[in-house]
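What follows is a set of notes on a single structure, which appears directly below.
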Amino acid sequence: MSSLAALRSEFPILERLTYLNSCSQGALSHRVRAAYEEYLAGWDENGAEWEHWVERAETARAAFARLLRAGAGEIAVTTSVSQGVNGIVSALPLEGGGDRRRIVISDYEFPTVGQIAHAQELRGAEVVHVRPDADGSIPVERFAEAIDDRTALVCCTLVSYRSGHRQDVAAISALAHEHGALCLADSYQAVGALDLDVRALGVDFVTGGTVKYLLASAGLGFLYVRRDLLDRLLPTQTGWFADEDIFRMDISDYSPAADARRFDAGTPPVPNIYAGVAGVSLIEEAGTAAIEAHVAGLADRLVDGLAELGATVVTPRDRQRRGPLVCVRSSDVAALVAELQAERIVTSSREDKLRIALHLYNDPGDVDRVLAALAARRHLLA
Ligand SMILES: Cc1ncc(COP(=O)(O)O)c(C=O)c1O
């Protein structure tokens, strides 16, 4: 296991910038750059390296499985969260006026999840939103009010991209199961920064991707599907890489793989897989438990410093109720992000909130620098 401080030198951007934007895009490492170069070199030297590419896709599947403590047969390799969620809803019998047509989503879902849920209205679904309380949290009781025996699927999110709140996915999933519904958790704002275990979460599906805390690029994601559900879930959104025998090249029937590969689709996103495997290897070298503890310590320092400045921190102070993202209200967030950028501090925003994201390569100096910059701009904090 490498020390987090030693891994900092993998990320050249940190020599120039204080990088606090992993909630949008993880920093580029030497290793991920080298992985892209390896892909290009192989293509240049050998042309199509199909067998190697398929092997790389399986390496990515195994790496995602280790990160989630799932079996490799429970992981689909996707190009995005959207592909995973579309695959799942395509396997739900929403048409035909049956009794289970409700999809419950929290107001903290990423737009793609909400939009895919509402698209199912065209197939007969009813979408119910679970709204946050005035303090920004969504207690499990709000889910209890929305989930009933008509519910087919509950969508929740491990950590909100908008506010930094962590949802009690295990409790939400237990509620869904009490009513015979399935539960999907979006882990994008958590995976790589928190230590995850799909059995402890108790969920049926977990989606995520490599752009953020997994330190790689756009165009690669995963979908975990609980093993004992596979028999009864037949995706109608599919492709030849989901077939039980990809290279049979058979156009006469639909015979999907027995395992979660049935949720793969077309040609794998090969360049992104090279990068993704390299990004995940950095996370595994650091260890997710060590990253989670490191990030929690930095977030404590940040939240306390923000409180001293009199800022309105939207993200809870309690470590169990937040992840790597801290959100703070601003009276003019666009100006604030731009002014921080001018000081070489990279952050981002959603609505009226500044987003400060912490990861394995951040250190207390980064937190102190952003706090000092914010202290000089108290007028932009609401
Ligand atoms: C919580 C969350 N879900 C999903 C996504 C992206 O979904 P997709 O992979 O479909 O682009 C993001 C960010 O891009 C996100 O923050």
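The values are calculated or read from the model by the stated rules, or taken from the named source; none is laboratory data. Owing to the predicted nature of the structure, the values given are computational and were not obtained by experimental measurement. No Cβ is skipped: glycine too gets one built from the backbone with ideal geometry, and neighbour counts run over all protein chains shown. The accessibility values were calculated without ligands, DNA or RNA, using every heavy atom of the protein model including side chains. Shrake-Rupley method; radii C 1.70, N 1.55, O 1.52, S 1.80 Å.
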Residue 256 fails exactly one of (1) within 16 Å of the ligand (Cβ to nearest atom); (2) open to solvent by 10 Å² or more (accessible area, probe 1.4 Å), namely (1)
Matching residues in the stretch 41-61 - criterion: being surrounded by 12 or more Cβ atoms within 10 Å (Cβ to Cβ) and more than 19 Å from residue 266 (Cα to Cα): 42, 43
Output the residue which, of all residues in the stretch 279-306 that are more than 15 Å from residue 191 (Cα to Cα) and not charged (D, E, K, R), is most open to solvent (accessible area, probe 1.4 Å). 297
Listed by first then second residue, the pairs whose first member lies in the stretch 80-91 and is modelled with pLDDT of 95 or more, whose partner is within 12 Å of the ligand (Cβ to nearest atom) and in a loop (DSSP other than H, G, I, E, B), with beta carbons under 8 Å and at least 6 positions apart or on separate chains, are 80/219; 81/110; 81/188
Residue 351 passes all but one of (1) open to solvent by 20 Å² or more (accessible area, probe 1.4 Å); (2) on the phi < 0 side of the Ramachandran plot; which number fails? (2)
Regarding the stretch 47-57, can at least one residue be identified that is modelled with pLDDT of 95 or more and not small (Gly, Ala, Ser)? no
Those residues of the stretch 143-195 which are more than 16 Å from the chain's Cα centre (by Cα), closer than 25 Å to residue 91 by Cα, open to solvent by 10 Å² or more (accessible area, probe 1.4 Å) and not hydrophobic (A, V, I, L, M, F, W, C) amount to 148, 149, 150, 177, 178, 179, 180
Filter the stretch 319-344 down to residues that are under 21 Å from the mean Cα position of the chain (by Cα) and outside any strand (DSSP E or B), then give me how many there are. 5
All but one of (1) aliphatic (A, V, I, L, M); (2) assigned to a helix (DSSP H, G or I); (3) under 17 Å from the mean Cα position of the chain (by Cα); (4) within 16 Å of the ligand (Cβ to nearest atom) hold for residue 77; state the number of the condition that does not hold. (2)
For the stretch 345-381, name all the residues that are over 12 Å from residue 306 (Cβ atoms), more than 26 Å from the chain's Cα centre (by Cα) and not in a helix (DSSP H, G or I). 376, 377
Considering the stretch 115-132 alone, what residues qualify as being open to solvent by 50 Å² or more (accessible area, probe 1.4 Å) and in a loop (DSSP other than H, G, I, E, B)? 131
